[in-house]
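Beneath this line is the structure, given in structure tokens, with notes to follow.
The values are calculated or read from the model by the stated rules, or taken from the named source; none is laboratory data. All values derive from a computational prediction rather than experimental measurement. Because the Cβ atoms are built from the backbone with ideal geometry, glycine has one as well, and the counts that use them run over all protein chains shown. SASA here: full protein model, heavy atoms, side chains in, ligands and nucleic acids out. Shrake-Rupley method; radii C 1.70, N 1.55, O 1.52, S 1.80 Å.
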Amino acid sequence: MTDTPAPRSAAGPEGPTAPVGPGRILLGLNTFGDVGENPDGSPQPHARVLRQLLEEAQLADAVGLHAFGVGEHHRKDYAVSAPEVFLAAAAARTTRIRLGSAVTVLSSDDPIRVFQRFSTVDAISNGRAEVMLGRGSFIESFPLFGLDLADYEVLFEEKLELFDKVRAQKPVHWEGRTRPAVSGLSVYPPLERHLLPTWIGVGGTPESVLRCAQYGYPIIFAIIGGQPRAFRPLVDLYREAMAKYGHPMQQVATHSPGHVADTDEQAREELFPHWLKLRNKLGAERGWGPAGRGEFDALCAPEGALYVGSPETVARKIVLLKQNLGVDRFDLKYSNGPLPHSAMMRSIELMGTAVAPRVAELLGT
């Protein structure tokens with residue numbers, strides 16, 4: 001293995017992930033392709049969910065949102081297991097929106113193939129691809145691909161190191177213990193305009209923040225509970241570490257669940273049963289206690305981690321996030337369990353046509 005990577009930015013100091021400044025915030029969307037329900041309560045076919053997902057990406061592009069990301073999972077309640085295949089299809093149906101993963105589980109994939117697939121998406125989309133790398137909060141990919149969970153840490157560390165070398169678009173020299181060495185080989189296709197914009201998705205540990213800063217990549221925090229303002233020390237740590245390593249500053253983003261409707265009451269009532277079903281299903285798997293309406297309402301409050309309400313309510317909450325953390329980008333995870341496709345389409349529409357301009361107005365831009 002090698003020493004600390006040489007300082008350089010994720011896409012050049014003026015590239016796609018350069019900070020946007022104090023009076024602006026970019027708005028994107030994330031989804032895992034949550035599997036919806038038929039009227040009789042049975043799950044929808046994964047194929048239908050993926051086709052609906054294309055409609056959602058097209059709408060996000062049409063209403064002017066900044067980015068659309070799909071998260072990799074390998075379980076029956078999520079339809080997206082191959083993000084890059086979906087993104088290539090979305091690239092052919094969109095014109096402006098950035099297209100990425102949210103996240104790619106690098107630990108259980110081959111870093112060279114990850115780069116090749118995303119560089120292909122970048123070509124098809126005319127330079128709009130980005131990748132978010134993470135270890136993944138779900139572990140289904142490890143047994144599926146024959147990996148040992150005991151290697152959870154070393155797999156990510158070594159594969160991130162190799163990916164970083166491949167991304168530099170120079171002959172690759174690398175060796176480690178999790179895969180065969182690479183001795184001076186080049187990887188194709190290269191990107192046309194810049195290095196592949198690459199984010200690291202983190203949950204909330206200082207170690208993950210420092211690893212991201214070591215490589216000079218932009219960072220996205222998954223904030224799915226508690227209060228976003230509690231992440232301020234980690235945001236500060238990232239910026240301090242980027243300066244220490246000599247990297248140009250990159251964007252800081254957050255990802256949180258939510259839902260936008262015409263009124264606060266409508267948004268909460270549409271989302272609550274689906275949020276509760278998903279929350280308690282995951283809670284049972286992870287040893288959490290059961291949730292109820294009280295927890296949901298607390299998370300929907302101005303300082304909570306759920307962005308649920310009318311366009312005005314959600315816009316003010318995003319502005320508060322900007323004030324508290326100084327982030328450059330906010331990605332709304334708009335799919336929440338079996339929330340219906342029609343409700344998600346309306347949420348996307350309102351994010352672009354009502355929330356985004358209201359945020360800009362409140363920020364004075």
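Once the other residues with Cβ under 12 Å from the Cβ of His173 are scored (Lys, Arg +1; Asp, Glu -1), what is the net sum?
Working: positive: Lys165, Lys170; negative: Glu161, Glu175.
Surrounding charge for His173 is 0.
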> So how far apart, in nm, are the two label points at Ala62 and Leu282 if each is 7 Å from Cα heading toward Cβ?
Replying inline: 2.9 nm
>> Over the chain, with the other protein chains present, what is the accessible area per residue in square angstrom, probe 1.4 angstrom?
In response: 40 Å²
>> Let's test the formula: R0 of 25 Å, r as the Cβ-Cβ distance of Ile124 and Lys76. What FRET efficiency results, to the nearest 0.05?
In response: 0.30
>> Net charge around Asp109, counting only other residues with Cβ within less than 15 Å of its Cβ (Lys, Arg = +1; Asp, Glu = -1)?
In response: -3
> How far is the Cα center of the stretch 23-47 from the Cα center of the stretch 212-264, in Å?
Replying inline: 23 Å
> List the lysines whose alpha-carbon lies under 24 Å from that of Lys159, not counting same-chain residues fewer than 8 positions away?
Replying inline: Lys170, Lys244
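With n ≥ 4 as the cut-off for DSSP H runs, can you work out [θ] at 222 nm for the chain, using -39500 (n - 2.57) per run divided by the number of residues, rounded to the nearest 500?
Details: 12 runs with 150 residues, N = 365.
Theoretical 222 nm ellipticity from helices: -13000 deg cm²/dmol.
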>> Show me the chymotrypsin sites (Phe, Trp or Tyr not before Pro) within the stretch 115-191 that DSSP assigns to loop and that have at most 15 other Cβ atoms within 10 Å of their Cβ.
In response: Phe145
>> Compute the angle between helix 46-62 and the longest alpha-carbon principal axis of the chain, please, reported from 0 to 90 degrees and rounded to the nearest 10.
In response: 90 degrees
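What ranking, highest mean first, results for peptides 334-342, 298-306, 194-202, 177-185 when packing means the other Cβ atoms within 10 Å averaged over each residue?
Averaged packing, sorted descending, gives the order 194-202, 334-342, 298-306, 177-185.
Using the per-residue mean of other Cβ atoms lying within 10 Å as a proxy for protection, in what order, highest first, do the peptides 208-221, 96-109, 54-67 fall? Walk me through the numbers before you get to the answer.
Details: 208-221: 22.9, 96-109: 24.7, 54-67: 19.8.
Highest-to-lowest ranking by the protection proxy: 96-109, 208-221, 54-67.
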> Using 0.36 nm per residue, how much length does the chain from Arg24 to Tyr188 gain when fully extended, once their Cα-Cα distance is taken away?
Replying inline: 55.5 nm
> Do any GluC sites (Glu not before Pro) in the stretch 142-208 lie in a DSSP loop with no more than 14 other beta carbon atoms within 10 Å, and if so, which?
Replying inline: Glu175, Glu192
>> Suppose each label sits 7 Å from its Cα in the direction of the beta carbon; what would the Arg113-Glu269 distance come out to in nanometres?
In response: 4.8 nm
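In µm²/s, what is D for the stretch 2-158 at 4 °C and 1.567 mPa s, where D = kT/(6 pi eta Rh) by Stokes-Einstein and Rh is the Kirkwood radius from Cα pairs? Present the calculation step by step, with values, prior to reporting the outcome.
Details: Rh = 17.0 Å.
Using the Kirkwood radius from Cα pairs, D works out to 76 µm²/s.
With only Lys, Arg, Asp and Glu charged, each at its Cβ (+1 for the first two, -1 for the last two), find how big the charge dipole of the chain is about the Cα centre; round to the nearest 20 debye. Let's see the in-between values first.
Working: 38 positive and 42 negative charges, 103 e Å.
Roughly 500 debye, rounded to the nearest 20.
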